[in-house]
1. How many residues are closer than 30 Å to A:Lys172 by Cα, part of a loop (DSSP other than H, G, I, E, B) and of a type in the set (A, V, I, L, M) when one looks only at segment A:325-359?
2. Taking the stated definitions as given, is B:Leu67 of a type in the set (A, V, I, L, M, F, W, C), free of Cβ contacts under 8 Å to residues at least 60 places away in the same chain, over 30 Å from B:Asn222 (Cα atoms) and crowded, with 16+ Cβ neighbours inside 10 Å?
3. For A:Ala337, work out the one condition from (1) more than 12 Å from chain B (Cβ to nearest Cβ); (2) of a type in the set (A, V, I, L, M, F, W, C); (3) within 12 Å of the chain's Cα centre (by Cα) it doesn't fulfil.
4. Of all residues in segment B:1-24, count the ones that are surrounded by fewer than 20 Cβ atoms within 10 Å (Cβ to Cβ) and part of a loop (DSSP other than H, G, I, E, B).
5. Does segment B:286-297 contain at least one residue that is of a type in the set (S, T, N, Q) and within 11 Å of chain A (Cβ to nearest Cβ)?
6. Six or more apart or on different chains, Cβ under 7 Å: which pairs go from a residue in segment B:138-164 that's buried (at least 18 other Cβ atoms within 10 Å of the Cβ) to one that's basic (Lys, Arg)? Could you list them?
7. Which ones in segment A:180-201 are over 21 Å from A:Ala393 (Cα atoms) and surrounded by 22 or more Cβ atoms within 10 Å (Cβ to Cβ)?
8. Select the strands (runs of 3 or more DSSP E) contained entirely in segment B:365-460, then report the ones holding at least 3 residues which are at the interface with chain A (Cβ under 10 Å from one of its Cβ atoms).
Number of protein chains: 2
Amino acid sequence: MRRKIVIIGGVAGGASAAAKLRRNSEEDQILMFEKGPHVSFSNCSLPYHLSGIVKAPEHLVLMNPELFLKQYKIEARVNSEVINIDRENKKVSVRDVITGEEYTENYDKLILSPGAQPILPHIFGIEKVNVFTVRNVVDIDQLNQFIKSDYSKNVAVIGGGYIGVEVAENLKKAGCHVTLIEAMNQILRPFDYDMVQIFHKELIDKQVDLILEDKVESFKENKVVLASGKEISADAVVMAIGVSPETYLAKQAGLEIGETGAIRVDKNYQTNDENIYAVGDAIEVFHTLTHSLTKLSLAGPAQKQARSVANHINHKSTINQGYIGSSAIKVFDFNGASTGLNESLIKALDLKINYGIVRIILNDKVGLMPDAAPLHFKLLYEIPTGKILGAQAIGKGDATKRIDVIATAIKFGGTVEELRDLELCYAPPFSTAKDIVNYAGYVGTNLLNGDYKQVNVDKVRALVENGSYILDVRERGEYERGHIKGAMNIPLSELRECVSEIPKNRSVYVHCRTGQRSYNAVLALQNLGYTNIYNITGSFLGLSYYEYYNDRVKQREKIVTEYNFN
Amino acid sequence: MRRKIVIIGGVAGGASAAAKLRRNSEEDQILMFEKGPHVSFSNCSLPYHLSGIVKAPEHLVLMNPELFLKQYKIEARVNSEVINIDRENKKVSVRDVITGEEYTENYDKLILSPGAQPILPHIFGIEKVNVFTVRNVVDIDQLNQFIKSDYSKNVAVIGGGYIGVEVAENLKKAGCHVTLIEAMNQILRPFDYDMVQIFHKELIDKQVDLILEDKVESFKENKVVLASGKEISADAVVMAIGVSPETYLAKQAGLEIGETGAIRVDKNYQTNDENIYAVGDAIEVFHTLTHSLTKLSLAGPAQKQARSVANHINHKSTINQGYIGSSAIKVFDFNGASTGLNESLIKALDLKINYGIVRIILNDKVGLMPDAAPLHFKLLYEIPTGKILGAQAIGKGDATKRIDVIATAIKFGGTVEELRDLELCYAPPFSTAKDIVNYAGYVGTNLLNGDYKQVNVDKVRALVENGSYILDVRERGEYERGHIKGAMNIPLSELRECVSEIPKNRSVYVHCRTGQRSYNAVLALQNLGYTNIYNITGSFLGLSYYEYYNDRVKQREKIVTEYNFN
């Protein structure tokens, strides 16, 4: 039976569904409407046009209606906005956005893949600035044309999510003077506060003006006025504070909307109308780790949903195991990746999860390799099961590799114990014989077993302020180049001969540069009869990052004599 | 109770065991003997000294006896060869290799970590060439000193395993004229014949003289004489044909040796003497996928075994899940990684496994990124369970990431179906929205379900010779720049209008450049009623690599008008 399948939206989800539908059946009529001028463009690559990494805007467009027709017998109509769904008669009304002409098309099955739209708050004076958003090729081309006339322009990017940060980086690389404004106390929420400080510093180092904890209050002529009273010159303003699911059509058609504000779907991505499916940024999905519904603006899940829908329409079995949310970002010279839960999400959702933290810093490859660099790694596991809940990695090396391994382990319900035994590929240019993922497994298992105790770098300021006994086991030269105020320096290499200097009746907080020597010191002291020994995870390098941004922008006393990022 | 633990061998396994023993107990006396002058050097980094990537030989040495003593209270004696084990009296005899002095030390527990030694066959005339091996820092320093006097020297590297290939690359980078001689028809056995051709071509492209299927027969004055009669000028000869476990001491002490020729150990790495453990290259381990004992010369497993032994000695629980063997190598601009089983291992061991193959080529990141490059990926799965058995990846991009994910999935008993749903990190600089690992899951599931059929590039020559119907669905311009002789060219974009040209009564073998367009063509033709359609996996790009080396060195007819590696 030849069916007519209509798809609303021609980018990630829509285009994937169309192609898979065609592979499933040569007979069905497949008709795809896209209100913009392009189908199947690379959404996530848009920011890279600004720096010229992607040279021409047309390169961002991967397919065109002619190719869809010739290669896949799919009819893709661009500049065609679906303005109404008539569920009773199974018809959609379409408006040609160029001619204004309106017409209807009937459907047997309808797939909604409308995406999400940038949130544009009504801020006073918004007409006094040049506002841009970054949703499609037309948007990015407009922004690019604007900055092209004078690359030294001032641009304010509002919102420190993935798009905001990528746009800021690429504008900076183009030569603009960029201010990145974020209302929260951190950018990039998939990373915890202690981890994301590395990105804060990198943005500052690369001369992006980073402003946190300050809100846009109003606009003046080519100026952004912040709640603090600060005024930021801005020839252009890029609005990237977030996206909201495109639900206008769904609501108007009486389709169910979930509490998240996105379209509600079942296991098979069917809406409450069995002939209407929905996929991508417009829907809510089940999060495997929070056991709740959530919005997930990620390209990978959208494509998997599309494939699933195409199979369900063709009576093939589909599975829906829910989502954990894995993502990655490059911020100048640093790479970051995250998967699953992080601490701020657990707190934000008030999840009743008892979790432990592994926080380690290790070279991403053999230290002898010229481009070896520390990788900062944080992993959350459930207590007492050891089940992995999520992880984050940031460094100049291969962060996504380690997080992909963790994402895989999470899908299989893996534990920290099981990470120890993973056999990962080793050669000096790629990794170390025991990879950082294996180390995380060792550390997590030790912590779970109560073999030793730790505090994270976020506790160090309080420790310094209340005069706690902090023991720095780095060599003397390292200590002299910068150390925590008041810390005692007994190098690991002198620990045993000087052990009598360390008080037995106090808590001792031990650190080195990255946490490995201090781990050895902690165990040695415990074996020597000390009972209140804590390893400071993140150690001096992590602490340097942790304190750097706030020290720089706030009038507060440094807790170290000098930071050290080497 | 203070025990005396003696360790024989101070590199990967020995040094790891010592450090972990100390963390487990401050009391025990730990005494480590190393017959060479260095402990704890980076074995796997040795070749990188030849090209100057690792500048000074002393950089290869990560720890020294003084540091071991000061940081870990471990006594490491270098230049100290253990020459006898007296099990009855729990004593070892040690010879100082510098003074010749001999003495004994008793032990409570003994750990053998002697490693493996390069195999040096007795070849006629070997005294007429300068022979080098690459086992330790002294070896690599000697080779480096030799080539340093004149970087244009001729060097013959014998053996195309990991060490041979890495030495060949680094010597070439130093400026030497390098010949790499391998007796088998391929280098690097962790990669199957069809995959490894990429490395063969890369070595040729980088002007390493690669000689396969030819054996060293004898040596003349600074010359290697091959079985073929060919003579190769060689100011130096590097012997890298393989390693054999150091079992001399174990045998002499009456410890059990397995059928593999390596030391037999139990779950806890105990030999048949409960006070003697053995780890590393000298032992045999259980292979989870072949269910048999094997030798595994890998640093990662050695370190894990060492840790396990240190825990067992301290009455901590240990697990031994066996090994699957993951490894990686850089060959000039290409990165390769492999895990688990490959076809040649299955054949060599005559394993009764019914397996299927996924062979795909996809960009390692979004094609718009300037450094995007095809990644060649091969995965083996069990029929009918879909259980993943092994995988290999080669490309200019991140091969180890994908293989690490597969290695993780294998550890959890994962199937091809489960690979589809992995949520891997995506951003354009790192990957694609559906990663190649997800694609492999899709393809594997389709094949397992019998959705379509395939042949691999190794069958194409026979197809051409017997006049099979080969359909090239690339665009006309691509076809003109090089195609399989006799192939019909109907671009995917013209497939439906020209379908009547394709015979219904014959088998049709379809290809494009990488296999994606041909996959769409295969499904379209099936849906149009064709029943004998095969996708040629590896497609034109894979075929170009597959045929290149043999076309170049053997007098045979090319089956293509022109290869294309772009």
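1. 0
2. Yes, satisfied.
3. A:Ala337 satisfies every listed condition except (1).
4. Residues that pass the stated criteria total 3.
5. Filtering segment B:286-297 down to residues of a type in the set (S, T, N, Q) leaves B:288, B:290, B:292, B:294, B:297.
If we keep only those that are within 11 Å of chain A (Cβ to nearest Cβ) too, we end up with B:288.
Yes, there is a match, as at least one residue in segment B:286-297 is of a type in the set (S, T, N, Q) and within 11 Å of chain A (Cβ to nearest Cβ).
6. Pairs that qualify, where the first residue is buried (at least 18 other Cβ atoms within 10 Å of the Cβ) and the partner is basic (Lys, Arg), are B:Ile147/B:Lys153.
7. Answer for segment A:180-201, where residues must be over 21 Å from A:Ala393 (Cα atoms) and surrounded by 22 or more Cβ atoms within 10 Å (Cβ to Cβ): A:Leu180, A:Ile181, A:Glu182.
8. Numbers: elements: B:374-382, B:388-395, B:453-456.
The strands (runs of 3 or more DSSP E) meeting that bar number zero.
The values are calculated or read from the model by the stated rules, or taken from the named source; none is laboratory data. Everything quoted here is computed from the prediction, not taken from an experiment. Every residue, glycine among them, receives a Cβ derived from its backbone with ideal geometry; neighbour counts consider all protein chains shown.
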